[in-house]
Structure formats: C-alpha cells, structure tokens
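Peer 1: A single structure is presented below for examination.
The values are calculated or read from the model by the stated rules, or taken from the named source; none is laboratory data. Source: prediction; values computed, not measured. Cβ: placed from backbone, ideal geometry, glycine included. Neighbour counts: every protein chain shown. These area figures cover heavy atoms from the full protein model, side chains too; ligands, DNA and RNA do not enter into them. Shrake-Rupley method; radii C 1.70, N 1.55, O 1.52, S 1.80 Å.
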Amino acid sequence: MENAQHSTESAINTQLHKMASSWIQGELGVQVHHTEMKAKVEALVGHKGQGSEGLKRAAEFYAQHAIKTSHPMFMNQLWAGYSESGVLAESLGAALNTSMYTYEVAPVATLVELQVVELLGRLAGFPQAQGTFVPGASYGNMMGLLCARQKLKPEIKNQGLQDRLQVFVSKDSHYSFLKAANIMGIGESNVVKVDTDPRGRMCPKALNEAIAKSKKDGARPFVVGVTAGTTVRASFDPIDAIADICEQEDIWMHVDGALGGSLLFSEDKKKDYLKGIHRADSLIFNMHKMMGVPIHCSAFLCSRPSHLGKTTGLSASETSYLFHDDHAPDLGMFSLQCGRKADVLKFWLQWVELGLEGFQNLVDQIFSRAQFAENFIQNHEKLEMIGGPRESVTVCFQYKHYRDHRDDELNRSIRDTLMNQGDLAINYGTVHERLSLRIVPFNPDLKEEHLTDLLEKIVECGDRLTS
Ligand SMILES: Cc1ncc(COP(=O)(O)O)c(C=O)c1O
C-alpha cells in the first residue's frame, strides 16, 4: 500500500520537507535478514572518504531500507507517524547544535523547556513542578527511583547503598524498573512484582500485603512505580488508591506515564484514567508515543521543587567550569546528563502548530480508532479480543481457529508472514498467558479503512495458513 502521507501535506513545501517526504514515501518495507543487511551496510564505508556522492548514496540506502514508521500499516510499537514540526525541530536543534546545560549557550531552549515543564506540571496538578527532559521513559523511571532514594536516604548519594531497598511495581510494569534497580545497585530481586487484577491493573490489596512482607523481611520499601498505561494492554493502575497506601506508608509514588501521560491533555480521559495523578511525587511522560513527536521527547517531573535538584546537583567546586551565574536558569543542574539535546523543541513546535486543543484531538482520535478496531474484532466471527474488552488505547486480539493453545503459534505465524511480506507491522505480547496481537492506532494519519484493511489481511492470512 502506498504511504498516504500526510494530513499537513500542503505544508510540505520547504526544501527540508520535500527531502523528508521523499524519504518516507513508498512501501512500508520488508524484513531483510540481518546477515544479508550487514554486508550491505559494511560495504558503504571504507578508509577513503566518498564525499557528497557517497553521502547521498548512503542516505538513499538508509531511506530505502528503513522501515517506514509513518506508514499507516506500521503499528508495531507504541509510536508511529510523521511530524512535520518534529522534523523541523530536529533539524533546528542539529543545525544550531544546542546543548541544554546553561542559559548562556541555550537561551531560548532553556526558557522553552521551563515553559513546557510548567505546562505539564499544571496539567498534572503539580503547582510547583520541577522537571527535566530525559532520553526516554526507562531513564525517567530510574530518575523516579533515584529521587525516591534521595528523599529516604540522602546519605546514599555519597556513601553508597547500605540497606536493602525495595521497589514495588505491578506484574505488567515495564522492564525498565529492573534495569534501573540494576544500575542503582538495588538489585533486580528487590523489584517486587505486585499482582494485577484480571484487567492488568495493580491490586492495592496485594500492594499492601507486599509492603507488609517487605518490612517483616527487614527490607525498606521506598518507592511504588505506578504504571499509567501498560506496554501491551494499556491498563492503568489505580493511582488514587495507591496514593493512599503511599501516603500512609510514607513511600514515594512515581508514575510511569510513558504511554498514558498523554491523557493529561484530554480532561475527560484524565478524569477517567489518571484520577489522583496530582498526588504523585514524580512522573515520566513520553511525548513521542501518543503525541506523534519524533523519538526522544520525554519529560521527567517532580511534584515538589527540592527533590530533583538535590538528587542531581553537585557542589560548585565540581562544576565551576560550566556554571558561572548563580541567578541564571541553568538546567544542567537538574539533569544527570552534561551535554543534552534540546528535545523539548519537538514538543514545543508542535504546541505552536496544534495548540493544546490539537493535543486533545490527537488523544481523543486515538481512542476513537481503538474503539473502531475493537468493534470490528467483536463483530467478526474469526477474530476475538484477548483479555476481555479493551482497556484504553491498544487493542489485543487473535485470529481464532483451533480455540486452543495452537492459536498462539498460528497467530505468531500470521504476523511473521505479513511482516516478512512487508504488508503490515504489528507486534504481540502475552495477555492472560495467551499470545495477543496488538494494534497501536497512534499514527495521526491512520484511517478506519487502514484498520479494516489490516484486520482483513490478518483474517485472509489466517484462512490461508489453516486451509
Ligand atoms: C509503560 C512503559 N514504560 C516505560 C517504557 C520505556 O520507554 P522508553 O522506550 O522511552 O525508554 C515503555 C516503552 O514502551 C513503556 O511502555
């Protein structure tokens, strides 16, 4: 299928967007085995430079073989689509080569980041928010754990770990919490996976029990990682109920809103899914998922000002080569990075282009597309929702044939066959111990006819493989 890019096509008139639109045109892209691709990639470079001709060849090679993630049939990951303002922002940032540590070298970007942090804090109900952009939610989850540790045991920053600290997350939480525990010396075994209900949401009762057990075992519970939008089912942990427990136990509450943080832009959805978010101590939010901004664009926020600076700050003697003006809004002190890209520009230019109203539309349209796909599946005799009705923005389903465990194998074959042919790109995960194909309808250019086409292709392929 031709790439039907894109809603703001009329605006693609500058040289930059002419070039970018030529890269994203065409087919979705077929899967080439890595051994074959490796030889092609290696052949492009050598001891001798190839100048601008070589540059052109390599760029064309890259565009030709890249998977076109703006193609409507790309629903493999929790992001998709082409953002004209995002491409402009990336180019601006690269051309001007901005780094975010001091106001002196990043005057506009610094103020833009402060403005966006203030906006996100306001939406989340954190009137005194302090925040920083980070390269992704994995990093942001680690920041949440670090801030929690800083509050509980500030001496660890200097002296290292002495107690057995424990992190509580749901069974369906993202693996980045394990990585953070590894990096921080907490140990993966001290990430306690709390039971979920049948809808994939953390059970407050199970959390209470897990915390009590941890204390009885002599460990120190120090943070609960609440998932607002799990990776496969997009389930939302009950924030308010978990906040009650955290308050009672004096435990930091970090919200992993990598996926669901975008619901802050839709008042209705915020009420339904993020109730209690204002009670969080920290929040990570990926604008590069539902908002269609290019990767990475992630903001980490603390709801109160002092925690972030205390966690990331260093003494003036260590940093005096860089920070010269105590009164300047130098953001470097609030980040674990030194040099840092101006990722905020991508969100900010999109804000200029669409306004807050446009962000709300993006979110609401994703829900409508997900609803359309769910209805289609429920009304089709050969398709079945997995794990019950849709939780929010992703749709988990199977082609059904055998009605037993062999359907898992069949569905994997259907997806691999269609991916290898370059027909579509979707992914799968496990829900209630069954393989579940997952639709992620985030591309702003995705239409109902694309979803119909995708689901019909899956049925045709399933019929073919079982005939
Ligand atoms: C719930 C959740 N948290 C964290 C992450 C990690 O985000 P990132 O890829 O930005 O590190 C993901 C990735 O999909 C996710 O779904």
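Peer 1: Can you work out ³J(HN,Hα) from phi for every residue in the range 93-98, in order, using Karplus 6.51 cos²θ - 1.76 cosθ + 1.60 and θ = phi - 60°, giving whole Hz and x for Gly and Pro?
Peer 2: Listing the rounded values in order: x, 6, 5, 8, 6, 7 Hz.
Peer 1: Which values of log₁₀ I(q)/I(0), to two decimal places, follow from the Debye formula for the range 175-329 at q = 0.12, 0.13, 0.15, 0.20 Å⁻¹ with a uniform point scatterer at every Cα?
Peer 2: Evaluating at q = 0.12, 0.13, 0.15, 0.20 Å⁻¹ gives log10 I(q)/I(0) of -0.61, -0.70, -0.90, -1.37.
Peer 1: Oh, and also: Can you list residues whose amide H is under 5 Å from Arg220's amide H, if they're 5+ apart or on another chain and H is modeled 1.01 Å from N?
Peer 2: Here Arg164, Leu165, Gln166 satisfy the definition.
Peer 1: With unit charges on the beta carbons (Lys and Arg positive, Asp and Glu negative) and the dipole taken about the Cα centre of the chain, which residue among Leu120, Thr132, Ile295 sits farthest to the positive side?
Peer 2: So the residue furthest toward the plus end is Thr132.
Peer 1: Still on this structure, I have one more. If you average the sequence gap of Cα pairs under 8 Å that are 6 or more apart and divide by the length of the chain, what percent do you get for the contact order?
Peer 2: Details: 832 pairs, mean separation 97.5, N = 467.
With pairs under 8 Å counted, the relative contact order is 21 percent.
Peer 1: Compute the FRET efficiency between Asn379 and Lys171 as 1/(1 + (r/R0)^6), taking r as their Cβ-Cβ distance and R0 = 25 Å, and round to the nearest 0.05. Kindly include the intermediate steps, with their values, before the conclusion.
Peer 2: Details: r = 31 Å, r/R0 = 1.26.
After rounding to 0.05, the efficiency reads 0.20.
Peer 1: Among the trypsin sites (Lys or Arg not before Pro) within the range 21-92, which fall in a DSSP loop and have no more than 10 other Cβ atoms within 10 Å of their own Cβ? Could you put the intermediate results ahead of the total?
Peer 2: Numbers: sites: Lys38, Lys40, Lys48, Lys56, Arg57, Lys68; in loops: Lys48, Lys68.
The qualifying sites are Lys48.
Peer 1: Say each of Leu44 and Gln371 gets a label point 7 Å from the Cα, pointing the same way as Cα to Cβ; how far apart are those two points in nm?
Peer 2: Reported label-point gap for Leu44 and Gln371 is 4.3 nm.
Peer 1: Please report, in whole Å, how far the alpha carbons of the chain spread along each principal axis, starting with the longest.
Peer 2: That gives 65, 58, 46 Å along the principal axes, largest extent first.
Peer 1: The range 385-427: which chymotrypsin sites (Phe, Trp or Tyr not before Pro) are DSSP loop and have at most 16 other beta-carbon atoms within 10 angstrom?
Peer 2: Working: sites: Phe397, Tyr399, Tyr402; in loops: Tyr402.
Filter output for the range 385-427: Tyr402.
Peer 1: How do Glu104, Glu113 rank by accessible surface area computed with a 1.4 Å probe, from largest to smallest? If you can, show how the numbers build up before the last one.
Peer 2: Working: Glu104 135, Glu113 5 Å².
Order by accessible area, largest first: Glu104, Glu113.
Peer 1: Which value, in Å², gives the accessible area per residue of the range 179-308 when a 1.4 Å probe is used on the protein heavy atoms?
Peer 2: Numbers: 4650 Å² over 130 residues.
Computed with neighbouring chains in place, this is 36 Å² per residue.
Peer 1: How large, in percent, is the carbon and sulfur part of the accessible surface of the chain at a probe radius of 1.4 Å? Spell out each step's value before the answer.
Peer 2: On the way: 11150 of 21370 Å².
That fraction is 52 percent.
Peer 1: Output the relative contact order of the range 372-467, whole-number percent, from Cα pairs under 8 angstrom with separation of 6+ residues.
Peer 2: Details: 118 pairs, mean separation 28.3, N = 96.
Normalised by residue count, the contact order of the range 372-467 is 30 percent.
Peer 1: May I pose another question? If you put +1 on each Lys and Arg Cβ and -1 on each Asp and Glu Cβ, how big is the dipole of the range 183-303 around its Cα centre, in Debye rounded to 20?
Peer 2: Dipole size: approximately 220 debye.
Peer 1: In addition: Would you work out which of Pro238, Ala148, Pro198 lies farthest towards the positive end of the dipole of the chain? Charges go on Cβ: Lys and Arg +1, Asp and Glu -1.
Peer 2: Value computed over the given set: Ala148.
Peer 1: With r as the distance between the Cβ atoms of Lys275 and Lys205 and R0 = 30 Å, compute the FRET efficiency 1/(1 + (r/R0)^6) and round to 0.05.
Peer 2: Values: r = 18 Å, r/R0 = 0.61.
It comes to 0.95.
Peer 1: Please compute the modelled spin-label separation between Glu433 and Leu161, points set 7 Å along Cα→Cβ, answer in nm with one decimal.
Peer 2: 3.2
Peer 1: What order do His307, His401 take when sorted by accessible area (1.4 Å probe), most exposed first?
Peer 2: Working: His307 30, His401 85 Å².
Output order, biggest surface exposure first: His401, His307.
Peer 1: If you don't mind, there's one more thing I want to ask. Given +1 on the Cβ of Lys and Arg, -1 on the Cβ of Asp and Glu, and no further charges, what dipole in debye does the chain carry about its Cα centre, rounded to the nearest 20? Intermediate results must be reported in sequence, preceding the final value.
Peer 2: Details: 48 positive and 57 negative charges, 207 e Å.
Dipole about the Cα centre, nearest 20: 1000 debye.
Peer 1: Hey, what number do you get for the chain at 222 nm if only DSSP H runs of n ≥ 4 count, each worth -39500 (n - 2.57), divided across all residues, to the nearest 500? Don't jump to the answer; show the numbers that get you there.
Peer 2: Numbers: 16 runs with 205 residues, N = 467.
The per-residue figure over the chain is -14000 deg cm²/dmol.
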